[in-house]
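This report refers to the structure that appears directly beneath it.
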Amino acid sequence: VTERLVVVGGDAAGMSAASQARRLVPDLEIIAFERGDYVSYSACGEPYVMGGEVAEVEDLVARTPADFAARDIGVRLRSEVIEIDLDRRAILVDSAGDRSKVGFDYLMYSTGASPLRPPSVAGAEKAIGLRSLNDAEDLRRVVDRGVSKAVVVGGGYIGLEVAEAFAHRGRNVTLVTSGEHVLTRTLDPDMGALADDAVRRLGIDLVTGVYIDAISEHVAHGGGRDFSGDVVVIGLGTSPETELAHRAGIEIGVTGAVAVNSFQETDRPGVWSGGDCAETTHRVSGRQVNIALGTVANKAGRVAGTNIGNTVLGAPERAAFPGVLGTAITKVGEIEIARTGLLTTESVIYGYEPAVGTVTGTNTAGYWPTASPVHVRLIADHISRRVLGGQIVGGPGSGKKIDVIATAIWTQMSIDELAWVDFAYAPPFSSVWDLIHIAARRAASSA
Ligand SMILES: Cc1cc2nc3c(=O)[nH]c(=O)nc-3n(C[C@H](O)[C@H](O)[C@H](O)COP(=O)(O)OP(=O)(O)OC[C@H]3O[C@@H](n4cnc5c(N)ncnc54)[C@H](O)[C@@H]3O)c2cc1C
């Protein structure tokens, strides 16, 4: 008898798991249920559809249901899983009001995360947030309709990208954030102030330190002030979609996301999870974290798919997810902003004694015509001298250098070694001493 894998949620984590399971087990029946109109799409590209850099939402679709059908992976669109019965090994699906039960042998729970709508913000439950391609289409229509003023609530990277999209289309934008600067979870305060400058240079009216406690269609209210526009959009972070899992009796972890081990197994046999709805382990702090990034979701899905495949085959091998550093990147206009590992404050919270090295230089040799400022920060542990974190705010080409710092943290490199790694140099690309070298040297001498 053919066994069946059911995937709940058909994006990065779910379809990576489905694809990987298919690679390993040609005759496993695989069906993915997706409540939206698309599977396997890049939510990451949505702000650029709004802003007009990417022409159509369809351009963000990596694989269509037909592509999956060609690999014998079934996709059911507009089909919401509304119940999981682990004892009877069946799900209940709602497709436009038609309800049906579908049995399974193995389950991948990959429902993702939705825009956070805190109860302390009245009206947040109805506010516009950006998550699905349908949301991106709706917001694109709002921009096309010629709104003259938008209010964006929240200074995380999605809020910033949405604000930039409005500005890019020539609309007036007010961005209101409760933090003392934007990207408080990404940058130390002084580096965050540089990001604030970049936001203001785009003509965005940035208001920091104001907690919005009420939102309606046209007004965000907070700190005794009303911020009004033709549209109000929230970007307050994300909340893992765990309700269905919780009701099914699947363990939810300390972060509020689905608890999984490094094999992406939940506490219930035959049920895997991964991506925005699930926890993962931070390699530096050793803590469980819920990091809603496509990088994590794709890898976690692949690990789950490998383990599902091997379980079906009865093979003993297991793939293990190695954890995350929280490496992330975004841009505000021409300014690239990236971080990895721990912030300075986080390193103190997790019991390290941080040695910090910061340098300001340029993204090319200083005399090169396109030279623009770059700020690099490295954080190391005073005792072990290991690199703990890094941040970059700077001109074109600077942001992806965060990967070098991520690699140093990943391999537990010391700050002293990082100061001497053989990096490439020519005037259009960097200075002869790379800014990472100099930041490392400064952190080393303060350690
Ligand atoms: C605007 C925006 C920009 C982003 N930019 C970046 C970026 O630059 N870099 C980066 O690394 N990450 C970025 N991300 C995050 C990235 O998109 C997510 O981390 C990734 O999509 C998570 O994949 P996932 O499969 O875990 O969850 P999701 O992509 O949320 O997919 C889950 C799917 O499950 C479906 N679903 C949920 N419940 C059910 C149910 N009960 N029945 C059926 N279907 C269900 C949902 O409709 C959804 O399609 C961005 C996200 C957004 C919204």
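The values are calculated or read from the model by the stated rules, or taken from the named source; none is laboratory data. This one's a predicted model, so the numbers in the text were calculated from it and none came from an experiment. Using ideal geometry, Cβ is built from the backbone for each residue, glycine included, and neighbour counts are taken over all protein chains shown.
The table below lists the values:
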read-out	value
Given (1) in a loop (DSSP other than H, G, I, E, B); (2) of a type in the set (A, V, I, L, M); (3) under 19 Å from residue 7 (Cα atoms), number of the condition residue 55 does not satisfy	(3)
Residue selected from the range 272-293 under the condition buried (at least 22 other Cβ atoms within 10 Å of the Cβ) and over 19 Å from residue 44 (Cα atoms), by the criterion farthest from the chain's Cα centre (by Cα)	272
Every pair of residues 6+ apart whose Cβ atoms lie under 6 Å, when the first sits in the range 320-337 and is in contact (Cβ under 8 Å) with a residue 40 or more places away in the chain while the second is within 11 Å of the ligand (Cβ to nearest atom) and assigned to a loop (DSSP other than H, G, I, E, B)	324/291; 326/291
Top-ranked residue in the range 294-316 [being aliphatic (A, V, I, L, M) and within 16 Å of the ligand (Cβ to nearest atom); ranked as farthest from the chain's Cα centre (by Cα)]	308
Options 133, 183; residue that is under 22 Å from the mean Cα position of the chain (by Cα) and on the phi > 0 side of the Ramachandran plot	183
Check on residue 54, of a type outside the set (S, T, N, Q), free of Cβ contacts under 8 Å to residues at least 40 places away in the same chain and near the ligand (Cβ under 9 Å from one of its atoms)	no
Number of positions in the range 1-24 that are within 11 Å of the ligand (Cβ to nearest atom) and at pLDDT below 95	0
Unmet requirement for residue 92, which otherwise passes all of (1) in contact (Cβ under 8 Å) with a residue 24 or more places away in the chain; (2) among the aliphatic types (A, V, I, L, M); (3) within 12 Å of the ligand (Cβ to nearest atom)	(1)
Condition broken by residue 19, with the remaining ones in (1) buried (at least 24 other Cβ atoms within 10 Å of the Cβ); (2) touching a strand residue (DSSP E or B) at 6+ places or on another chain (Cβ under 9 Å) satisfied	(1)
Odd one out for residue 31, checked against (1) touching a Gly at 6+ places or on another chain (Cβ under 7 Å); (2) outside any strand (DSSP E or B); (3) surrounded by fewer than 22 Cβ atoms within 10 Å (Cβ to Cβ)	(2)
